[in-house]
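Below is one structure, written out as structure tokens; the observations come after it.
What follows is calculated from the coordinates using simple rules that are stated; it is not laboratory data. What you are looking at is a predicted structure, and each value in this text was computed from that prediction instead of being measured. Note: ideal-geometry Cβ built from the backbone for every residue, glycine included; neighbour counts use all protein chains shown.
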Amino acid sequence: MLKSASTLARKVLITPQAYRWCSSSKVSQAPPVVCSEDEPVKLENNPYTKEPRKCLLCSTGIELDYKNARLLQQFVSTFSGRVYDRHITGLCDEQQKKLIKAIAKSRRVGFMPIFVKDPKYARDPKLFDPLKPLRPHSFA
Amino acid sequence: MPFYEVSVITRSLSKSDLVKALTRAGNTLLDHGAVIEKVESLGHRDLPYKRLAKQTNEPVYASNFFIFKAHMSREARQKTKSILTHDLDTVQVDLIQVDTLPSQKIQCNLDEILKSPAERQAVADLRENQKMGHFTRQMIYKRTEKEWKSIPKSYPIAPPRP
């Protein structure tokens, strides 16, 4: 080990051009980097990023209408007849606002019961589970 | 002229009476300067709750639903609404304004909502320009006050004279 090191030192002393030292002066003298096809490709954005999650109405593109009382009543509680909050329905802010407006209109026009959910629609498919909210309640 | 949808729920009527009631409703709209685009029937349906017909007080459980799509002025809306609601053949009438402009595309922010509060932009904005209560402001002042009061104004032992 020691011997090999000493021989290497001797060689360097004898022929300094054969060995390249990693010094700053040497790096600055090196020719500028030439772009070639073998160089790693830099992407602008990460191709593995997930698509942002969308709420039920935004992803399906369903428009809320006050005349469609059956759809509106899917967002109404079977127990209390009140509209579920957005942490349960899983709608974005805009859609929740629209939902509340549409339900208010529908009730005013008389297409929808006011205090209860229509028992005809009580067995409609569930869009969400009120016992497993998406987020904790905002007031909690 | 704003665009309205006039929903008319009649009491249970025979076919000829229904035609009369509808033509009366349409004529009142036209008399007040409305432009009717379309008349639609939503069918014979169950009402969401029991209603009572005017004057006869007979219960209405199911009846015919109609919609007039019409353009009219705001004054005409008020007048026609009072006329149609006081009509003996109607159970419920309402005029609802509908936006004719194409709705703006909704930016879904569910992804933002599901983030933890530390990563949410709304919370960051709140922190940025925070409103401080009087109590909090006082506490911060007292803490800083303690710091500058702890610096002695004069030395306990006078420094040596030059």
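For the range B:25-35, in order, what is each residue's ³J(HN,Hα) by Karplus, 6.51 cos²θ - 1.76 cosθ + 1.60 with θ = phi - 60°, in whole Hz (x at glycine and Pro)?
Per residue, the Karplus-derived 3J(HN,Hα) values read 4, x, 5, 4, 5, 5, 5, 8, x, 7, 10 Hz.
Points 7 angstrom from Cα along the Cβ direction at B:Lys50 and B:Lys38: gap in nanometres?
3.6
Which FRET efficiency, nearest 0.05, do B:Arg74 and A:Leu43 yield, Cβ-Cβ r, R0 35 Å? Kindly include the intermediate steps, with their values, before the conclusion.
Details: r = 57 Å, r/R0 = 1.62.
My answer for the efficiency is 0.05.
Residue-wise, which Karplus ³J(HN,Hα) couplings in Hz belong to the range B:104-121, taking 6.51 cos²θ - 1.76 cosθ + 1.60, θ = phi - 60°, and x for glycine or proline?
Couplings: 6, 5, 7, 8, 6, 10, 5, 4, 5, 5, 7, 5, 6, x, 5, 9, 6, 5 Hz.
Calculated from DSSP H runs of 4 or more alone, at -39500 (n - 2.57) each and per residue, what is the 222 nm mean residue ellipticity of chain B, nearest 500?
Helices in chain B give a 222 nm mean residue ellipticity of -11500 deg cm²/dmol.
Mind scanning A:Lys105/B:Lys115; B:Lys50/B:Lys105; B:Lys54/B:Lys79; A:Lys54/A:Lys97 and naming the pairs with a C-alpha gap bigger than 27 Å?
A:Lys105/B:Lys115; B:Lys50/B:Lys105
For the range A:46-140, state which trypsin sites (Lys or Arg not before Pro) are in a DSSP loop and have at most 10 other beta carbons lying within 10 Å of their beta carbon.
Of the trypsin sites (Lys or Arg not before Pro), the ones in loops of the range A:46-140 whose Cβ has at most 10 other Cβ atoms within 10 Å are A:Lys50, A:Arg123, A:Lys126.
Quick one: what does P(r) look like for the range A:56-121 with 5 Å bins over all Cα pairs, in whole %?
With 5 Å bins starting at 0, P(r) equals 3, 19, 31, 27, 15, 4, 0.
Return the long-range amide H neighbours of B:Leu47 (sequence gap of 5 or more, or a different chain), with a cut-off of under 5 Å between placed amide H atoms.
The answer is B:Ala62, B:Ser63.
Quote the relative contact order of the range B:3-97 in percent (integer), defining contacts as alpha-carbon pairs under 8 Å separated by 6+ residues.
Working: 170 pairs, mean separation 44.6, N = 95.
Relative contact order for the range B:3-97 comes out at 47 percent.
Say R0 is 51 Å: what FRET efficiency, to the nearest 0.05, do B:Glu58 and A:Arg53 get from their beta-carbon distance?
Values: r = 52 Å, r/R0 = 1.02.
Plugging the Cβ-Cβ distance into 1/(1 + (r/R0)^6) gives 0.45.
Net charge around A:Cys55, counting only other residues with Cβ within less than 10 Å of its Cβ (Lys, Arg = +1; Asp, Glu = -1)?
0
Work out from phi, with θ = phi - 60° and the Karplus expression 6.51 cos²θ - 1.76 cosθ + 1.60, the ³J(HN,Hα) of each residue of the range B:130-145, listed in order in whole Hz, and give x for Gly and Pro.
6, 9, 9, x, 5, 5, 4, 4, 5, 4, 5, 4, 5, 5, 5, 4
With no solvent and one point on each alpha carbon, what is the Debye value of log10 I(q)/I(0) for the protein assembly as shown at q = 0.07, 0.13 Å⁻¹?
Listed by q, the Debye log ratios stand at -0.57, -1.06.
Would you mind pulling out the separation of the Cα centroids of the range A:56-119 and the range B:75-89, in Å?
28
For chain B, what does the relative contact order come out to in percent, with C-alpha contacts under 8 Å and a separation of six or more?
So the answer I get is 29 percent.
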